[in-house]
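The values are calculated or read from the model by the stated rules, or taken from the named source; none is laboratory data. Bear in mind the structure is a predicted one, so any value in this text is a computation, not a measurement. Here the Cβ positions follow ideal geometry from the backbone for every residue, glycine too, while neighbour counts run over all protein chains shown. Each accessible area value is taken on the protein alone, full model and side chains, heavy atoms only, with ligands, DNA and RNA left out. Shrake-Rupley method; radii C 1.70, N 1.55, O 1.52, S 1.80 Å.
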Amino acid sequence: MISVSRRGFLGGMLAGGAAALIGPSLLGRAVQAAEAQDKLVLSGSHWGAFRARVVEGRWVETRPFEHDKHPTEMLQGLREVVYNPSRVRYPMVRLDWLRQGHLSDTRERGQNRFVRVTWSQALDFFYHELERVQKTHGPSALYAGHSGWQSVGKFHSAGAMLGRAMNLHGTYLAKAGDYSTGAAQVILPHVAGAMEVYEQQTSWPLVLEHSKTIVIWGSDPIKNLQVGWLVPDHGVYDYWAQLKEKVARGEIRVISVDPVKSKTQKFLGCEQLALNPQTDLPLMLALAHTLHSEGLHDARFLKEYTTGYDKFLPYLLGTSDGQPKSADWAAAICGVPADTIRELARTMASGRTQLIGGWCVQRMHHGEQYAWMLVVLAAMLGQIGLPGGGFGFGWHYNGAGTITSNGPVMSGFSSVIPGTKPLHDGDFKGYSKFIPVARFVDCILNPGKTIDFNGQKITYPAMKMAVFCGNNPFHHQQDRNKMIAAWRRLETVVSIDHQWTASCRFADIVLPATTTYERDDLEQWGSHANAGILAMHKIVEPLFEARDDYDIFADLCRRFGREAEFTGGKSKLEWIQSIYDDARLQGRGIGVRLPRFSQFWHGEGFVSFPAGEPWVRHAAFRQEPDLEPLGTPSGLIEIYSKTIADFGYADCPGHPVWIEPYERSHGGPGSQQFPLHLQSCHPDKRLHSQLCSSDDYRASYTVQGREPLYMSPADARARGLKDGDLVRVFNGRGQVLAGLVVSEDYAPGVVRIHEGAWYGPQEGGKVGTLCTYGDPNVLTADIGASSLSQATTAHTALVEVARFEGEIPAVTAFGAPESAAGIDPMFPAREASLGG
Ligand SMILES: Nc1nc2c(c(=O)[nH]1)N[C@H]1C(S)=C(S)[C@@H](COP(=O)(O)OP(=O)(O)OC[C@H]3O[C@@H](n4cnc5c(=O)[nH]c(N)nc54)[C@H](O)[C@@H]3O)O[C@H]1N2
Ligand SMILES: Nc1nc2c(c(=O)[nH]1)N[C@H]1C(S)=C(S)[C@@H](COP(=O)(O)OP(=O)(O)OC[C@H]3O[C@@H](n4cnc5c(=O)[nH]c(N)nc54)[C@H](O)[C@@H]3O)O[C@H]1N2
Ligand SMILES: [Mo]
C-alpha cells in the first residue's frame, strides 16, 4: 500500500540530487488543457457572482453578474487568485521534515526550505503521521478541527472535506467558537437566549418605515456587506441607499458611535460620536444612567420582559461601589462631552430607535460586556420586538435585513456520515475534547494547563500534529511571535491551500488545492435573502498539480481503506446534482418549482426564488412572552444572570460592568509607553488574507509596497511623519513595516492596519523579527477576553509608530519559497516578491 517510505524516499532524493526531484515542469497542465475558446463562464465567490471571460483557456476578464446591482470592486482581484506568484503549485515537504520526520528541527519552520514531492509521497507522509500520532499519543494530540473562510460552494467545502476524512480515520481535538464573535456568541445566549450575531434581522422596509433614530454602534456595514459567507447578492445596498435619502431629508437620524469616520458614515452622510477606543462600556452605562435618572426608561417593559434590573441598578447608580455611572463620570473616560451623552439618551428615548451593533468591540478584553450592555440599553428603551426598534448584532453581515425568500434551502457536503465510526477512537486521557478556538496557541504552549470557559474547566492536551485546510492561522491568530515559538512544539503541521500563505511556510507538508474557479460547484445566491441558486462553473483547468480538496481527501482515505465511504460512491458532478435535486424536491413541497438539474446546469445556471414576507426580530417574544420565551433560564432578557454570577468569574460578574482592559489608549493602562490604539479592522479591499496575494490588485492600495497604516494628521505631525512614509509600527510584542496614510477620518490616538495583511518576516522563523509587509497580528496580544468566553482580544492593542530608518528590506510575504519559485516559465515569480 505504501509506495515509498519517507526514509527510502529521502535516500532516493540524495542519490538523485534535489534538482532532479524538483525538476522543471516546462509544460504546466494549464497549457496542455488550454483549448481555443472565448467564452463567458458564470461562477460565484464570497465577493459575489460574476462572469469570467475565458480566451484560449485563460481567464482574462471579470464581469459582475447582471443581477447584482451593487457589485464590489474586489471582484477585480479574483482572477489573480488563480494567476499569481504565490500559488502553491506542487506538493511540498519542508526539507528537514523530509530528513527526520516528526523528529525534525522545528526551529527551521518559516525558513522556506521545501522540497517538491509527488502527490502519492505527500499523502503517504500525511497518512503515516495520522497513524503514528493516533497510536503513540491518541486523539488529543491531533488538532484538525480549525475552521475558516475557505471558499463558497455547497459541495467543495474545504472544512467539510477535512472533517469527513478525519472522522473516518480517528477522533481529534476539536475547537469551540470562532474569531468573529467569540465573546458575543457565548454571552448572548445567557442574556437574550440566542447567539444573535448570525441571525436574520428585522426587514429593512420596516426599519425604514418606523425608525426615527438608528444608532450604528461600532459597525461598518457599507464596507463589510461587500462580502458574504455564501455568494452575496448585494441587494441589501438598495436599502442602505434608501436610508441615505432619508438621512438627507431629515426623516431618520443616524449616529455612528465609532472612533473612526467609517465608510458607512461617509456613505450616509450621518453624524458621528467619536468616543475613545475601548470606552464603549462607560458611554453605554452613562446612557443607561441618564435614561434611569431622567425617568426615560420603560419600566413596564423591564418588568414584563426582563429580569435582574434591580440587581443592576445599585451598580449603575453607584450605591454598591460609590461611583454613579453618570454622564459626567463617563465623559472623562470616553472623551464624549457629558451633555452630548445626555442628549443622545434623550434622543434614543424620544421615538423608535434601532440599535445596530457590530462585532469589533466584542473582539476586545472583556468584550462580552459591550454585547450585554447593548441589550440592556435596548431593554430600557422598551422597543425590543417592535419594527424599527430594539437591538441587532448582525446588520453588517450576510445581507441581513433583506427579506428571506420562500425558496428551498440547500444543504451541503457533510463532514459527518451517519452510522460510521472512526478507525481510531482512542482515549483523551482526561484532557478536554475541545478548546476555545482563539486559545489554541496557548494550548500548544501549555499542555496540562486548566482554564475556565463558560462554566466549564478546559484542560489543554499536548498537541503534536495540526492540520489546516481552508483557513490561515498565520494571519488570523494574535501575537505572531508567541505563535512562532509555540509552533516549534508541534511535530508535524499539514497545510492545504492554494496560496503560499505564512501558514504554509510554517508547515511541514504543503498540499496544493484548487481554487473554486478551477472546479464545478453550486451555491445559494444571497445569504439571508436566499434569493436563488447559482451554478459555479469551472472557469479554467487546475493549474500545476493542484487538486480539489475532495480528491485529496478521497485519496487520503484510500490509504486506510475508506475511500468509498468518503465519496459515497458518487462522482463530483453527481454530488453537485444530488445537492441540487434535494433542493428541487424540497421546493416541490413548498410550491417552488425548479428546473431539472441538466436544464439548470447547462442552461441559465441561475434560478431565483419568490420573495418572502417582511419580518420583525423578537416580535414573537414581545407578543407572547409566555408561549415564545427566550432561550434563557428565565425565558426573559437577563440583565442580571444568575448562571453567570454563579460561575464566580471576577472578570465577568452577574451583570454588565466596566473593567479596564489590559491595555488602553487615552490615558489607560500601558498608554504611557505605547500611546496609539491599533485597530485591525476588516479590510475594505480584501476578505481577511484572501486577495492579498493578488499582486496587481494589492498594488492599488499599498504604500511603498507595504500594507497601509492609517493615522490622524495630528499624530503624524507629532512624529514628524508625512503621507507615504515608510514607518515602523511596534510594541513589546513585535514590529512591522507599513506605509503611512494620513487621514482626517482618524481621531488622534487611533491608528489602523487592516487584518489579513500577509506575514512577511525579515528573517523567516525568527521570533521578534521585523515583518516586512505589515501583519497587524505581530502586534496584537494572545489573551482571552475573559474566563467566560476566552475569545480573541485582537482589538486591545497599543503601539507606537516611527519613521523607518536604515536599509529598507524587501517584502518577503509573497511569491513562493526558494525551491518552488521560478520553476514554471508560465508564471515566473517576480524577483521583488520572492520569499526566502
Ligand atoms: N488582528 C485581527 N485578527 C483577526 C481579526 C481581526 O479583526 N483582527 N478577525 C478575525 C476574524 S473575525 C476571522 S473570521 C478570521 C479569518 O481568518 P481565516 O478564515 O483564516 O482567513 P482567510 O484569509 O479567509 O483564510 C482562508 C484561507 O483558505 C484558503 N482557501 C480558500 N479556498 C480554499 C479551498 O477551496 N481549499 C483550501 N484548502 N483552502 C482554501 C485561502 O487561500 C486562505 O488562505 O481572522 C481573525 N483575525
Ligand atoms: N470587506 C470585508 N468585509 C467583511 C470582512 C472582510 O474581511 N472584508 N470580514 C467579514 C467577517 S469574517 C467579519 S467577522 C465581519 C467583521 O465585522 P466587524 O467586526 O463589525 O467589523 P470591523 O470592520 O472590524 O469593525 C467595525 C467598526 O468598529 C469600529 N470600532 C473599532 N474600535 C471601536 C471601539 O472601541 N468602539 C466603537 N464604538 N467602535 C469601534 C471600527 O472603527 C469599525 O468601523 O466583517 C465581515 N465583512
Ligand atoms: Mo469573522
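Overview of results
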item	result
Residues that are crowded, with 24+ Cβ neighbours inside 10 Å and either β-branched (Val, Ile, Thr) or within 14 Å of ligand 1 (Cβ to nearest atom) (or both), drawn from region 167-184	THR181, GLY182, ALA183, ALA184
Flag for SER326 being open to solvent by 20 Å² or more (accessible area, probe 1.4 Å), free of Cβ contacts under 8 Å to residues at least 12 places away in the same chain and either over 17 Å from LEU273 (Cβ atoms) or more than 16 Å from ligand 3 (Cβ to nearest atom) (or both)	no
Verdict on ARG113 being closer than 18 Å to MET463 by Cβ and either of a type in the set (Lys, Arg) or surrounded by 21 or more Cβ atoms within 10 Å (Cβ to Cβ) (or both)	no
Pairs where the first residue, in region 666-685, is at positive phi and the second is open to solvent by less than 40 Å² (accessible area, probe 1.4 Å), C-beta under 6 Å, 6+ apart	HIS666/ASN276; HIS666/GLY749; GLY670/GLU663; GLY670/LEU798
Residue check, PRO656 open to solvent by less than 40 Å² (accessible area, probe 1.4 Å), within 15 Å of ligand 2 (Cβ to nearest atom), within 22 Å of VAL186 (Cβ to Cβ) and part of a loop (DSSP other than H, G, I, E, B)	no
Lone unmet requirement of (1) touching a helix residue (DSSP H, G or I) at 6+ places or on another chain (Cβ under 6 Å); (2) under 30 Å from GLY235 (Cβ atoms); (3) of a type in the set (Phe, Trp, Tyr) for PHE566	(2)
Test: residue in region 172-194 that is assigned to a loop (DSSP other than H, G, I, E, B), touching a Leu at 6+ places or on another chain (Cβ under 7 Å) and closer than 28 Å to GLY749 by Cβ	no
Evaluation of ASP684 against (1) assigned to a loop (DSSP other than H, G, I, E, B); (2) away from ligand 1 (no atom under 16 Å from the Cβ); (3) not assigned by TED's automatic domain parsing to the domain that holds LEU275 (one fails), failing number	(2)
Number of the condition not met by PRO387 [criteria: (1) assigned to a loop (DSSP other than H, G, I, E, B); (2) open to solvent by less than 20 Å² (accessible area, probe 1.4 Å); (3) farther than 22 Å from GLY295 by Cβ]	(2)
Test result for ILE187, more than 24 Å from the chain's Cα centre (by Cα), crowded, with 24+ Cβ neighbours inside 10 Å and either farther than 27 Å from LEU275 by Cβ or at pLDDT 95 or above (or both)	no
Any hit, region 437-445, residues being open to solvent by 20 Å² or more (accessible area, probe 1.4 Å), closer than 26 Å to HIS682 by Cβ and either of a type outside the set (Asp, Glu) or at pLDDT 95 or above (or both)	no
Some residue of region 198-207 being away from ligand 1 (no atom under 16 Å from the Cβ), part of a helix (DSSP H, G or I) and open to solvent by less than 10 Å² (accessible area, probe 1.4 Å)	yes
Any chance ARG99 is in contact (Cβ under 8 Å) with a residue 60 or more places away in the chain and open to solvent by 10 Å² or more (accessible area, probe 1.4 Å)	yes
Evaluation of GLU245 against (1) of a type outside the set (Lys, Arg); (2) in contact (Cβ under 8 Å) with a residue 40 or more places away in the chain; (3) more than 30 Å from ASP548 (Cα to Cα) (one fails), failing number	(2)
Qualifying helices (runs of 4 or more DSSP H) (wholly inside region 208-314; at least 3 residues being within 16 Å of ligand 3 (Cβ to nearest atom), open to solvent by less than 20 Å² (accessible area, probe 1.4 Å) and polar (S, T, N, Q))	none
Region 158-178, subset more than 19 Å from PRO461 (Cα to Cα) and touching a helix residue (DSSP H, G or I) at 6+ places or on another chain (Cβ under 8 Å), residue nearest to ligand 2 (Cβ to nearest atom)	ASP178
Meets criteria (open to solvent by 10 Å² or more (accessible area, probe 1.4 Å), not assigned by TED's automatic domain parsing to the domain that holds THR780 and not acidic (Asp, Glu)) for MET364	yes
ALA144 vs. criteria crowded, with 20+ Cβ neighbours inside 10 Å, in contact (Cβ under 8 Å) with a residue 40 or more places away in the chain and under 20 Å from TYR460 (Cβ atoms)	yes
Sole exception among (1) without any contact (Cβ under 8 Å) to a residue 40 or more places away in the chain; (2) out of contact with any Lys or Arg (no Cβ under 9 Å at 6 or more places or on another chain) for TYR460, by number	(2)
Filter pass, ALA371 being open to solvent by less than 10 Å² (accessible area, probe 1.4 Å), modelled with pLDDT of 95 or more and part of a helix (DSSP H, G or I)	yes
Boolean, SER151 is touching a strand residue (DSSP E or B) at 6+ places or on another chain (Cβ under 8 Å), assigned by TED's automatic domain parsing to the domain that holds GLN278 and within 16 Å of ligand 2 (Cβ to nearest atom)	no
Every residue from region 163-187 that is within 16 Å of ligand 3 (Cβ to nearest atom) and of a type outside the set (Asp, Glu)	LYS175, ALA176, GLY177, TYR179, SER180, THR181, GLY182, ALA183, ALA184, GLN185, VAL186
Members of region 657-692 that are within 16 Å of ligand 3 (Cβ to nearest atom) and out of contact with any His (no Cβ under 9 Å at 6 or more places or on another chain)	LEU691
Selected residue (criterion: farthest from ligand 1 (Cβ to nearest atom)) from residues of region 637-653 that are in a loop (DSSP other than H, G, I, E, B) and surrounded by fewer than 22 Cβ atoms within 10 Å (Cβ to Cβ)	GLY648
Residues of region 741-785 classified as within 27 Å of LYS263 (Cα to Cα), free of Cβ contacts under 8 Å to residues at least 60 places away in the same chain, touching a strand residue (DSSP E or B) at 6+ places or on another chain (Cβ under 7 Å) and not hydroxyl-bearing (Ser, Thr, Tyr), total	2
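Yes or no, residue by residue, for (1) modelled with pLDDT of 95 or more; (2) of a type in the set (Lys, Arg); (3) away from ligand 2 (no atom under 16 Å from the Cβ); (4) not assigned by TED's automatic domain parsing to the domain that holds VAL751:
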site: LEU273; (1), (2), (3), (4): yes, no, no, yes
site: LEU291; (1), (2), (3), (4): yes, no, yes, yes
site: GLU294; (1), (2), (3), (4): yes, no, yes, yes
site: LYS311; (1), (2), (3), (4): yes, yes, yes, yes
site: THR319; (1), (2), (3), (4): yes, no, yes, yes
site: GLY322; (1), (2), (3), (4): yes, no, yes, yes
site: ILE341; (1), (2), (3), (4): yes, no, no, yes
